[in-house]
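The values are calculated or read from the model by the stated rules, or taken from the named source; none is laboratory data. These figures come from a predicted structure and were not determined experimentally. Heads up, the Cβs are rebuilt from the backbone with ideal geometry, glycines too, and the neighbour counts pull from every protein chain shown.
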Amino acid sequence: MLCSFKELRNKYSYREIKKLLEENKIYKIEKGIYSENKNVNYLELINFKYPNAVFTLDSAFYYHNLTDVIPEKKF
């Protein structure tokens, strides 16, 4: 499960957070993003960082292994 630093601060003090990190009970994934698991699925991370993002059509098929066609990147 992913959580922000703000959510951690609601539960723990700075000292407790540092101790949890040292004991590998939580892991720093990116700046301001923490997890109880060391390995985080990149789709879960994208959804956490961009809560309004939607995976549609080709991307959704690809991420759910329903096609072997790699989706195009559109900017």
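Could you grab me the full set of residues in segment 44-75 that are outside any loop (DSSP other than H, G, I, E, B) and of a type in the set (Asp, Glu)?
So the first thing to find is which residues in segment 44-75 are outside any loop (DSSP other than H, G, I, E, B), and the list is 44-49, 57-63.
Glu44, Asp58, listed by residue number.
What's the number of the only condition in (1) under 30 Å from Ile70 (Cβ atoms); (2) out of contact with any Cys (no Cβ under 8 Å at 6 or more places or on another chain) that Ser35 fails to meet?
(2)
Exactly one of (1) surrounded by 15 or more Cβ atoms within 10 Å (Cβ to Cβ); (2) out of contact with any strand residue (DSSP E or B) (no Cβ under 8 Å at 6 or more places or on another chain); (3) in a helix (DSSP H, G or I) is unmet by Leu8. Its number?
(2)
For segment 25-43, check the following and say yes or no: at least one residue is in a helix (DSSP H, G or I), modelled with pLDDT under 95 and surrounded by 10 or more Cβ atoms within 10 Å (Cβ to Cβ). Lay out the reasoning, then the answer.
Applying the first criterion (in a helix (DSSP H, G or I)) to segment 25-43 yields 42-43.
Now restrict to residues that are modelled with pLDDT under 95: 42-43.
Applying the additional criterion that residues be surrounded by 10 or more Cβ atoms within 10 Å (Cβ to Cβ) yields 43.
Checked against the condition, which is being in a helix (DSSP H, G or I), modelled with pLDDT under 95 and surrounded by 10 or more Cβ atoms within 10 Å (Cβ to Cβ), segment 25-43 yields at least one hit.
Quickly run through segment 30-44 and pick out the residues that are out of contact with any Lys or Arg (no Cβ under 9 Å at 6 or more places or on another chain) and within 19 Å of Tyr12 (Cα to Cα). Break it down into steps so the answer makes sense when it comes.
We begin by selecting, within segment 30-44, every residue out of contact with any Lys or Arg (no Cβ under 9 Å at 6 or more places or on another chain); these are 31, 37-44.
The answer is Lys31, Asn37.
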